[in-house]
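S.K.: Below you'll find the structure I mean.
The values are calculated or read from the model by the stated rules, or taken from the named source; none is laboratory data. If you're wondering where the values come from, they're calculated on a predicted model, not measured in any experiment. When we count neighbours, we look across all protein chains shown, and the Cβ atoms used for this are built from the backbone with ideal geometry, even at glycine. Heads up: the accessible areas ignore ligands, DNA and RNA and are worked out on the full protein's heavy atoms, side chains in. Shrake-Rupley method; radii C 1.70, N 1.55, O 1.52, S 1.80 Å.
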Amino acid sequence: MKNLYLFNTLSRRKEKFIPLENNKVKMYCCGPTVYNYAHIGNLRTYFFEDILKRVLLYNSYEVFHVMNITDVGHLVSDADEGEDKMEKGARREGKTVWEIAEFYTEAFKKDLSELNILYPDIWCRATENIEEQIKLIQCLEKKGYTYITSDGVYYDTSKFKDYGKLALLDIEGLEEGKRIAFSEEKRNKTDFALWKFSPKDVKRQMEWDSPWGKGFPGWHIECSAMSMKYLGETFDIHCGGVDHIPIHHTNEIAQSEGCTGKQFVRYWLHGEFLIEEKGKMAKSAGEFLRLPVLIEKGYSGLDYRYFMLMTHYRKKLKFSYVALDSAKKGFNNLKNEILELKDVIKKKEVQVPDYGDEKMSLWRERFIESINDDLNVTEGLGILWDMLKDGKLKPEEKLSLVDDFDRVLGLKLIEVEEEKIPKEILDLVEKRRIAKLNKQWEEADKIRDEIKAKGYEVLDLKNGTTKVRKII
Ligand code: AMP
Ligand code: ZN
């Protein structure tokens with residue numbers, strides 16, 4: 001097995017990946033809050049996690065992958081104040097919270113399918129694991145980490161020795177800069193809600209009894225409770241977007257390690273943001289960019305996947321239609337190369353001497369070396385292109401390597417098929433052939449343009465035959 005190196009946010013270094021248990025990897029990814037559609041920025045994070053999972057699988061690890069669905073408790077403000085995003089979403093649409101949770105969960109899964117992202121082995125909903133969350137809060141209470149205010153049960157972050165180690169937070173600096181408003185009753189600025197009481201004046205749609213009173217869980221507790229439920233008190237990989245480092249994941253560590261006294265997660269991985277030309281990508285602005293909008297404009301989910309493949313996950317990526325167009329073009333060229341290969345194989349046109357299996361192994365090695373260097377699939381994609389140009393590989397060998405590399409790239413390359421050419425086009429091609437035969441060059445060119453206007457191109461091959469294909 002080759003060495004795999006991953007950048008661990010905990011150490012801010014690339015580390016050799018060694019799972020806790022032989023070749024089994026346990027991985028948890030923070031999922032969506034289902035009060036609205038995912039924007040294409042959110043999807044970049046799930047794409048990066050998909051690449052991580054595919055690289056692990058390529059390295060012959062068995063991966064057990066859990067993702068949560070946040071359907072309660074994520075408040076509009078990160079300071080544990082304001083309305084629950086779910087209740088707000090339900091009011092906006094005149095539906096129940098349960099209905100919008102169902103609707104946006106399905107929309108999210110559809111987005112993942114369009115992007116050819118592998119589903120997790122377990123989807124878990126916060127609302128289906130309330131008991132586990134209450135138990136974890138009780139554990140923290142027993143160990144003296146909690147206190148109660150007029151609106152909930154809070155975590156006293158000054159009691160947890162290493163609070164902020166993931167984000168390298170300057171806690172003292174934060175304490176000094178207390179200008180940012182925070183609830184009078186909070187003991188420390190970084191304290192956060194574990195359980196919030198239902199407001200007295202408003203009836204919430206989602207609320208549960210607890211030892212502390214009727215209410216609902218804070219946002220961070222669900223991920224600690226559910227990840228440990230399915231993966232154990234210590235597991236291999238936890239991931240999400242970079243925005244989760246200073247608050248959400250920092251709080252998850254405080255909750256889990258506060259209760260168990262053991263290391264919670266061994267490798268923390270975070271994906272950088274997708275940004276728009278005008279700056280941060282946000283849902284609050286009303287209209288926002290989501291995958292179905294791109295699809296309506298004529299791009300496929302896989303075009304967007306190719307676009308994302310061209311930038312390493314730890315670099316910011318700026319979205320623009322110009323950049324997306326250029327990715328789409330690159331992807332189309334790649335698909336055309338594969339169609340050519342399939343054609344050549346069918347016709348057995350090209351004979352390449354046998355250079356032996358070693359040639360293929362070398363390409364495989366180059367590929368795995370790139371992807372195992374902190375998921376450098378961008379370089380991996382370049383290697384795929386270089387491999388296609390290697391004159392010493394037989395077409396069948398190339399196609400087999402395409403199939404192999406695509407286990408990681410996930411572009412469905414082997415499924416690319418020539419579409420059946422309509423009779424109308426074939427008739428025009430025949431008309432052009434006759435025009436050429438009669439040396440009516442102008443007429444032949446005119447027909448070629450006509451064919452092009454209908455979305456097809458004619459290629460005159462060296463051996464005197466012609467080939468027609470759809471312009472993709
Ligand atoms: P949310 O539904 O807001 O909890 O976000 C879902 C995931 O998307 C989280 O892992 C976030 O870190 C991530 N995320 C949010 N905004 C962006 C962005 N602009 N680019 C990449 N990932 C993002
Ligand atoms: Zn989470």
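S.K.: How far is it, in nm, from the label point at Lys297 to the one at Ser11 when both lie 7 Å from their Cα along the line to the Cβ?
M.R.: 4.2
S.K.: Once phi is turned into ³J(HN,Hα) by the Karplus curve 6.51 cos²θ - 1.76 cosθ + 1.60 with θ = phi - 60°, what whole-Hz value does each residue of the range 301-310 show in order, with x for glycine and proline?
M.R.: x, 6, 4, 5, 4, 4, 4, 5, 5, 7
S.K.: So what J values fall out for the range 388-405 if you push phi through Karplus, 6.51 cos²θ - 1.76 cosθ + 1.60 with θ = phi - 60°, rounded to Hz, Gly and Pro as x?
M.R.: 5, 8, 6, x, 8, 9, 6, x, 5, 5, 4, 5, 5, 5, 4, 4, 5, 5
S.K.: Can you list residues from other chains, or at least 5 along the same chain, whose modelled amide H is less than 5 Å from the amide H of Gln205?
M.R.: Amide H neighbours of Gln205, under 5 Å, 5+ apart: none.
S.K.: Would you mind checking which residues have amide H under 5 Å from Thr466's amide H? H placed 1.01 Å from N; only 5 or more apart, or other chain.
M.R.: For Thr466, the qualifying residues are Leu461.
S.K.: Summing -39500 (n - 2.57) over the DSSP H runs of n ≥ 4 in the chain and dividing by its residue number, what mean residue ellipticity at 222 nm do you reach, to the nearest 500 deg cm²/dmol?
M.R.: The helix-only estimate for the chain comes to -13500 deg cm²/dmol at 222 nm.
S.K.: In addition: Return a whole-number percent for the relative contact order of the range 423-470, with Cα pairs under 8 Å and 6 or more residues apart as the contact set.
M.R.: 28
S.K.: Keeping every protein chain in place, order Arg44, Arg266, Arg433 by accessible area at 1.4 Å, biggest value first, i.e. largest first.
M.R.: Arg433, Arg266, Arg44
S.K.: Roughly how many Å is it from the Cα centre of the range 114-161 to that of the range 312-364, as a whole number?
M.R.: 45
S.K.: Can you return the lysines within cross-link range of Lys214? Criterion is Cα-Cα under 24 Å, with same-chain partners fewer than 8 residues away left out.
M.R.: Lys85, Lys88, Lys95, Lys135, Lys142, Lys143, Lys186, Lys196, Lys200, Lys203, Lys229
S.K.: Packing-wise, with mean Cβ within 10 Å as the measure, how do 113-119, 128-134 rank, highest first?
M.R.: 128-134, 113-119
S.K.: How long is the gain from Val352 to Lys88 if the chain were fully straight, where each residue apart is worth 0.36 nm and the alpha carbon distance is subtracted?
M.R.: Result for the pair: 88.6 nm of gain on full extension.
S.K.: Here's something else I'd like to know. Of the beta bridges DSSP finds with both residues in the chain, what % are antiparallel, to the nearest 5?
M.R.: Given both bridge residues lie in the chain, the antiparallel proportion sits at roughly 50 percent.
S.K.: What accessible area per residue, rounded to a whole number of Å², is obtained for the range 333-415 using a probe radius of 1.4 Å?
M.R.: 48
S.K.: Still on this structure, please answer the following. With each label point set 7 Å from Cα along the Cα-Cβ vector, what nm distance links Lys110 and Asn336?
M.R.: 3.3
S.K.: Counting only protein heavy atoms, what percent of the accessible surface of the chain is carbon or sulfur at a 1.4 Å probe?
M.R.: Its accessible area is 51 percent carbon and sulfur atoms.
S.K.: Where only protein heavy atoms count, and the probe is 1.4 Å, what is the accessible area per residue for the range 423-470 in Å²?
M.R.: Each residue of the range 423-470 exposes 72 Å² on average to a 1.4 Å probe.
S.K.: Give me the percent of DSSP beta bridges within the range 195-354 that run antiparallel, rounded to the nearest 5.
M.R.: 35
S.K.: For Glu15, what residues show an amide H to amide H distance below 5 Å, using hydrogens built from the backbone and excluding near sequence neighbours?
M.R.: Leu6, Phe7, Asn8
S.K.: Any chance you could look up the accessible area of Met1 with a 1.4 Å probe, heavy atoms only, rounded to 10 Å²?
M.R.: 150
S.K.: Can you work out the Karplus-derived ³J(HN,Hα) for every residue in the range 29-39? Use 6.51 cos²θ - 1.76 cosθ + 1.60 with θ = phi - 60°, whole Hz, and x for glycine or proline.
M.R.: 3J(HN,Hα) across the range 29-39, in whole Hz: 10, 5, x, x, 8, 8, 9, 6, 5, 7, 8.
S.K.: Between their Cα atoms, which of Lys446/Lys467; Lys53/Lys394; Lys431/Lys454; Lys297/Lys420 are more than 21 Å away from each other?
M.R.: Table pairs above 21 Å Cα-Cα are Lys53/Lys394; Lys297/Lys420.
S.K.: Sticking with the crude label model, points 7 Å out along Cα→Cβ, report the distance from Thr466 to Lys454 in nm, one decimal please.
M.R.: 1.1
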